[in-house]
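Asks: After the structure tokens below, expect a handful of questions from me.
The values are calculated or read from the model by the stated rules, or taken from the named source; none is laboratory data. Quick caveat, the model's predicted, so the values are computed rather than measured. Using ideal geometry, Cβ is built from the backbone for each residue, glycine included, and neighbour counts are taken over all protein chains shown. Keep in mind that these areas ignore ligands, DNA and RNA; they rest on the heavy atoms of the full protein, side chains included. Shrake-Rupley method; radii C 1.70, N 1.55, O 1.52, S 1.80 Å.
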Amino acid sequence: MTQLNKQWLLKQRPVGMVSPDNFELVQSPMPSPDLDAGQVLIKTLMLGFDPAMRGWLEDVRSYLPPVAIGEPMRASGVGQVIASRNAALPEGALVQGLLNWQAYSIGDPAGMIPPRILPEGVTPGIALSVFGTTSLTAYFGLLDVGQPKSGDTVLVSGAAGATGSVVAQIARLKGCRVIGIAGGAEKCAWLTDTCKLDGVIDYKSENIDARLTELCPDDVDVFFDNVGGDTLEAGISHMADFGRIVLCGAISQYNEETPQPGPNNLMILVARRIRMQGFIVIDYLDRAEEAFADLANWVMGGDIAWREDIQEGFENIPATLQRLFDGRNQGKQMLKLADPQ
Ligand SMILES: NC(=O)c1ccc[n+]([C@@H]2O[C@H](COP(=O)([O-])OP(=O)(O)OC[C@H]3O[C@@H](n4cnc5c(N)ncnc54)[C@H](OP(=O)(O)O)[C@@H]3O)[C@@H](O)[C@H]2O)c1
């Protein structure tokens, strides 16, 4: 019997909240076994989910082209090489790259993000979580863009998530006082008890502005914002002179049908001489080894905690993306399709 590939294709662009109805599950022919030199055939083992995937569904100019209607949804993942014409990526090797929402794909060294071999002993879950793109984002966004100094007060929104929790802990390791904003008592307790933050704000039950007045009497030196909207506005009001705001993302806005008005207090940036800067982790990929060296030391020393939220089942892929937008994910959102052979 001919073996088939399974794919989730983009059926229609979402308006408002992304939903499984925006995608279509199809069976398609396996990628061609006639690989070109350098190419590998990859079986997907684990997929990673990123809020940015919602942005890739919009037909607008961005740092990557939009996913086209009828294309497999773009996604990072870890897979196993099952056929190879690349000596550096032999059969059986575990690789990380853009594998998309499909059971099999062709990995090409000339692709947008070429497949990269996993170091010995690194599991798919670890590769996509604490050694994944979210940790690179945390590392370079905080240290390069935010430039924290020992003794600074660092505020992190989305603090219990894959990116935010690593930002908060790196800031703590750099000698900063760290305040996190997250949704719900369980996530806040994890941030104080396990990640050892100095203070937390549960934005679902507390007023962010009032709590920042209590927790940050000397204001905030670095604000690493993952959320945007009202959270960004509240953070701006509590910035210290010459503070830095790192615009990492704005997850509260990604599913809005119409763009929301921006923060109404931007003149504070002028009066307090604040630098507010966006960044995209892709620009730092050629420096990834710097981050991996530090992350490996921190992980081996037990200095960084992380959580892996692993769903299962090919049919559950689109529904798993939604978990990021209602906060059901506890740590890095992933979905397992198969174990390595
Ligand atoms: N600039 C870059 O290169 C780059 C790279 C990677 C990620 N990012 C950004 O980093 C942020 C975090 O991404 P991640 O992959 O680490 O995801 P994550 O934080 O692990 O998961 C998303 C979290 O966002 C929170 N959230 C969802 N909707 C929200 C809302 N309306 N208001 C407030 N919080 C909301 C939820 O936490 P609660 O339960 O606490 O609400 C949810 O768990 C996103 O903004 C993403 O776009 C940027």
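Asks: Within 11 Å, Cβ to Cβ, of residue 126, how many net charges do the neighbouring residues add up to if Lys/Arg are +1 and Asp/Glu are -1?
Replies: Working: positive: 332; negative: 308.
Charge balance in the 11 Å sphere: 0.
Asks: Counting heavy atoms of the protein chains only and a 1.4 Å probe, report the per residue accessible area for the chain as a whole number of Å².
Replies: Details: 15250 Å² over 341 residues.
Result: 45 Å² per residue.
Asks: Moving on. Can you give me the long-range amide H partners of residue 220? Hydrogens built in the peptide plane at 1.01 Å from N, cutoff under 5 Å, separation of 5 or more residues or another chain.
Replies: Under 5 Å from the amide H of residue 220 lie the amide H atoms of 239, 240, each far enough along the sequence or on another chain.
Asks: Kindly provide the trypsin sites (Lys or Arg not before Pro) of region 236-341 that DSSP labels as loop, not H, G, I, E or B, and whose Cβ sees at most 14 other Cβ atoms within 10 Å. Walk me through the numbers before you get to the answer.
Replies: On the way: sites: 244, 272, 273, 275, 287, 307, 323, 328, 332, 336; in loops: 272, 273, 307, 328.
Passing sites in region 236-341 are 272, 273, 328.
Asks: Please check: in the Gaussian network model of the chain (C-alpha springs, under 10 Å), which one of 298, 306, 101 has the largest mean-square fluctuation.
Replies: Maximum among the listed residues: 298.
Asks: Taking H as built 1.01 Å from N, whose amide H comes closer than 5 Å to the amide H of residue 200, not counting residues under 5 places away?
Replies: 180
Asks: Here's something else I'd like to know. Residue-wise, which Karplus ³J(HN,Hα) couplings in Hz belong to region 54-60, taking 6.51 cos²θ - 1.76 cosθ + 1.60, θ = phi - 60°, and x for glycine or proline?
Replies: 4, x, 5, 8, 8, 7, 9
Asks: In percent, what relative contact order does region 133-282 have, based on Cα pairs under 8 Å that are 6 or more apart in sequence?
Replies: Reported relative contact order: 23 percent.
Asks: Let me ask you something else. Just how far, in whole angstrom, is region 174-211 from region 112-140 if you go by their alpha carbon centroids?
Replies: Between the Cα centre of region 112-140 and that of region 174-211, the gap is 26 Å.
Asks: Have a look at 182, 138, 267 and report the one farthest towards the positive end of the charge dipole of region 133-282, computed about the Cα centre with Cβ charges (Lys/Arg +1, Asp/Glu -1).
Replies: Checking the options against the dipole of region 133-282, the answer is 138.
Asks: Given a Förster radius of 45 Å and the C-beta distance between residue 294 and residue 242 as r, what FRET efficiency does 1/(1 + (r/R0)^6) yield to the nearest 0.05?
Replies: With a Förster radius of 45 Å, E is 0.95.
Asks: Something else: Which far-off residues, 5 or more places away or on another chain, put their amide H under 5 Å from the one on residue 93, with H placed in the peptide plane?
Replies: 81
Asks: Assign unit charges at the C-beta atoms only (+1 for Lys and Arg, -1 for Asp and Glu), then state the dipole size of the chain relative to its Cα centre in Debye, rounded to the nearest 20.
Replies: So the magnitude is around 180 debye.
Asks: Assuming a strict under-29 Å limit between Cα atoms, what lysine pair count do you get for the chain once near-sequence pairs (fewer than 8 apart, same chain) are dropped?
Replies: Close lysine pairs under the 29 Å cut-off: 23.
Asks: Same structure, new question: Just add up the charged neighbours of residue 263: K/R +1, D/E -1, any other residue whose Cβ is under 9 Å from the Cβ of residue 263.
Replies: Surrounding charge for residue 263 is -2.
Asks: Ignoring ligands, DNA and RNA, how do 150, 19 rank by accessible area with a 1.4 Å probe, largest first?
Replies: In descending accessible area the options line up as 150, 19.
Asks: When Lys and Arg each count +1 and Asp and Glu each count -1, what net charge do the other residues less than 15 Å away from residue 57, Cβ to Cβ, add up to?
Replies: Net charge in that neighbourhood comes out at -3.
Asks: With springs connecting C-alpha atoms under 10 Å apart, model the chain as a Gaussian network and identify which of 292, 49, 223 has the largest mean-square fluctuation.
Replies: Its mean-square fluctuation being the largest, the pick is 292.
Asks: Taking the alpha-carbon set of region 133-282, what are its Rg and Dmax in Å?
Replies: Radius of gyration, then largest Cα-Cα span, for region 133-282: 13.9, 41 Å.
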